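Colleague: Attaching a single structure in structure tokens format; questions to follow.
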Amino acid sequence: MKHKESASKKPFISDQAVNAKTGKTWPQWFAILDKAGATKWSHKEIVAYLNQEHGVGSWWQQMVTVTYEQARGLRAKHQKPEGFEISGSKTIAVPIAPLFKAWFDEKIRRRWLSEADNGLTIRKATPNKSLRITWIDGRTSIAVDFYAKGNGKSQVALNHGRLKNAKEAAAKKRYWAEQLERLKNELE
């Protein structure tokens, strides 16, 4: 059975890279999985097949499976088993402590995060390392991590998960890009 692949479903890892690590290119993997009937399998079943039948390592099992699912229209961009998830990051010219404080301290957070006063909940905080947040909707979750980048610079990286659909994921992707830019402007 032939499958139509659109340009938007093009793997983000090159054929050369996947071939170097797994011994096969994307077209070869797609043909193997198509022949095996993987379009009707769950994510876990595809991973197990790659492990048991082809000896693919754990990271590459996931990479090949997700890329195949996306190429075959079985999984949308940003889609995870528990919903959609987006990420964002920003490097800011401040040490890590003020960056962490800008997230943790509600008074500072209200100056840059447009929805901060509407009830987000910090579930866990590890100073200057990470925050785990329940978003204002009470349904979605945010993991925020902080990294020192040297010379008075630090980076914040976030994952906002459990989003309902691709539309909500796209909206949150835009939202967080704007908010991280506001944070940068607040601190620099």
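Colleague: Going by what's in this entry, would Val64 be described as farther than 22 Å from Gly119 by Cα and in a loop (DSSP other than H, G, I, E, B)? If you could, list the steps in order and put the result at the bottom.
Modeller: Numbers: farther than 22 Å from Gly119 by Cα: yes; in a loop (DSSP other than H, G, I, E, B): no.
Taking the combined requirement at face value, the residue does not satisfy it.
Colleague: In this structure, is Lys80 of a type in the set (Lys, Arg) and free of Cβ contacts under 8 Å to residues at least 40 places away in the same chain? Working first, answer last.
Modeller: On the way: of a type in the set (Lys, Arg): yes; free of Cβ contacts under 8 Å to residues at least 40 places away in the same chain: no.
For Lys80, the condition - of a type in the set (Lys, Arg) and free of Cβ contacts under 8 Å to residues at least 40 places away in the same chain - is not met.
Conditions tested, residue by residue: (1) in contact with a Phe, Trp or Tyr (Cβ under 8 Å, 6 or more places away or on another chain); (2) of a type in the set (Lys, Arg); (3) in contact (Cβ under 8 Å) with a residue 24 or more places away in the chain.
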site: Val94; (1), (2), (3): no, no, yes
site: Glu115; (1), (2), (3): no, no, no
site: Gly119; (1), (2), (3): no, no, no
site: Trp135; (1), (2), (3): no, no, yes
site: Gly138; (1), (2), (3): no, no, no
site: Ile142; (1), (2), (3): yes, no, no
site: Asn165; (1), (2), (3): yes, no, yes
site: Lys172; (1), (2), (3): no, yes, yes
site: Ala177; (1), (2), (3): no, no, yes
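Colleague: Report, by residue number, each residue of the range 52-105 that is farther than 30 Å from Asn128 by Cα and either of a type in the set (Val, Ile, Thr) or touching a Ser or Thr at 6+ places or on another chain (Cβ under 7 Å) (or both).
Modeller: Scanning the range 52-105 gives Val56, Trp60, Val64, Thr65, Val66, Thr67, Arg72, Leu74.
Colleague: Going through the range 19-61 one residue at a time, which ones are among the polar types (S, T, N, Q) and assigned to a helix (DSSP H, G or I)?
Modeller: Taking the range 19-61 and keeping what is among the polar types (S, T, N, Q), we get 19, 22, 25, 28, 39, 42, 51-52, 58, 61.
Residues satisfying the conditions are Asn19, Thr22, Gln28, Thr39, Asn51, Gln52, Ser58, Gln61.
Colleague: Here is a follow-up. Considering every residue within the range 152-163, establish whether at least one is of a type outside the set (Phe, Trp, Tyr), in the same structural domain as Lys129 (by TED's automatic domain parsing), touching a residue at least 60 places away in the same chain (Cβ under 8 Å) and loosely packed, with under 15 Cβ neighbours inside 10 Å. Show your work before the answer.
Modeller: Start the filter on the range 152-163 by keeping residues that are of a type outside the set (Phe, Trp, Tyr), which leaves 152-163.
Adding the requirement that they be in the same structural domain as Lys129 (by TED's automatic domain parsing) leaves 152-163.
Adding the requirement that they be touching a residue at least 60 places away in the same chain (Cβ under 8 Å) leaves 153-163.
Subsequent filtering for residues that are loosely packed, with under 15 Cβ neighbours inside 10 Å retains none.
For the range 152-163, residues of a type outside the set (Phe, Trp, Tyr), in the same structural domain as Lys129 (by TED's automatic domain parsing), touching a residue at least 60 places away in the same chain (Cβ under 8 Å) and loosely packed, with under 15 Cβ neighbours inside 10 Å: absent.
Colleague: Moving to a separate point now. Does any residue of the range 77-100 turn out to be in contact with a strand residue (DSSP E or B) (Cβ under 8 Å, 6 or more places away or on another chain), among the hydrophobic types (A, V, I, L, M, F, W, C) and closer than 29 Å to Gln62 by Cα?
Modeller: Checking the range 77-100: at least one residue is in contact with a strand residue (DSSP E or B) (Cβ under 8 Å, 6 or more places away or on another chain), among the hydrophobic types (A, V, I, L, M, F, W, C) and closer than 29 Å to Gln62 by Cα.
Colleague: For the range 27-70, which residues satisfy the criterion of being polar (S, T, N, Q) and surrounded by 18 or more Cβ atoms within 10 Å (Cβ to Cβ)? Can you show your working first?
Modeller: Step one: of the range 27-70, the residues polar (S, T, N, Q) are 28, 39, 42, 51-52, 58, 61-62, 65, 67, 70.
Gln61, Thr65, Thr67, Gln70 - these are the residues of the range 27-70 that are polar (S, T, N, Q) and surrounded by 18 or more Cβ atoms within 10 Å (Cβ to Cβ).
Colleague: Of the residues that sit in the range 71-92 and are touching a helix residue (DSSP H, G or I) at 6+ places or on another chain (Cβ under 8 Å) and assigned to a loop (DSSP other than H, G, I, E, B), which one is surrounded by the fewest Cβ atoms within 10 Å (Cβ to Cβ)? Break it down stepwise before answering.
Modeller: Step one: list which residues in the range 71-92 are touching a helix residue (DSSP H, G or I) at 6+ places or on another chain (Cβ under 8 Å), which gives 71-79, 81, 84-86, 88-90, 92.
Next, only the ones that are assigned to a loop (DSSP other than H, G, I, E, B) stay: 72-78, 81.
Working: Arg72: 17, Gly73: 13, Leu74: 18, Arg75: 18, Ala76: 13, Lys77: 14, His78: 20, Pro81: 8.
Among residues in the range 71-92 that are touching a helix residue (DSSP H, G or I) at 6+ places or on another chain (Cβ under 8 Å) and assigned to a loop (DSSP other than H, G, I, E, B), the one surrounded by the fewest Cβ atoms within 10 Å (Cβ to Cβ) is Pro81.
Colleague: What number of residues in the range 164-183 are closer than 14 Å to Ala102 by Cβ and either surrounded by 18 or more Cβ atoms within 10 Å (Cβ to Cβ) or not assigned by TED's automatic domain parsing to the domain that holds Ile108 (or both)? It would help to see each step written out before you state the result.
Modeller: Our first condition is that a residue be closer than 14 Å to Ala102 by Cβ; within the range 164-183, this holds for 179-183.
This time we only want the ones that are either surrounded by 18 or more Cβ atoms within 10 Å (Cβ to Cβ) or not assigned by TED's automatic domain parsing to the domain that holds Ile108 (or both), so: 179-180, 183.
Counting residues in the range 164-183 that are closer than 14 Å to Ala102 by Cβ and either surrounded by 18 or more Cβ atoms within 10 Å (Cβ to Cβ) or not assigned by TED's automatic domain parsing to the domain that holds Ile108 (or both) gives 3.
Colleague: For the range 110-140, which residues satisfy the criterion of being modelled with pLDDT of 95 or more, exposed (fewer than 14 other Cβ atoms within 10 Å of the Cβ) and not in a loop (DSSP other than H, G, I, E, B)?
Modeller: Arg123, Lys124, Thr126
Colleague: Select, from Val66, Val56, the only residue that is modelled with pLDDT of 90 or more and out of contact with any Pro (no Cβ under 8 Å at 6 or more places or on another chain). So that I can check it myself, show each step before the final result.
Modeller: Details: Val66 fails: modelled with pLDDT of 90 or more.
Exactly one of Val66, Val56 is modelled with pLDDT of 90 or more and out of contact with any Pro (no Cβ under 8 Å at 6 or more places or on another chain), namely Val56.
The values are calculated or read from the model by the stated rules, or taken from the named source; none is laboratory data. If you're wondering where the values come from, they're calculated on a predicted model, not measured in any experiment. Cβ: placed from backbone, ideal geometry, glycine included. Neighbour counts: every protein chain shown.
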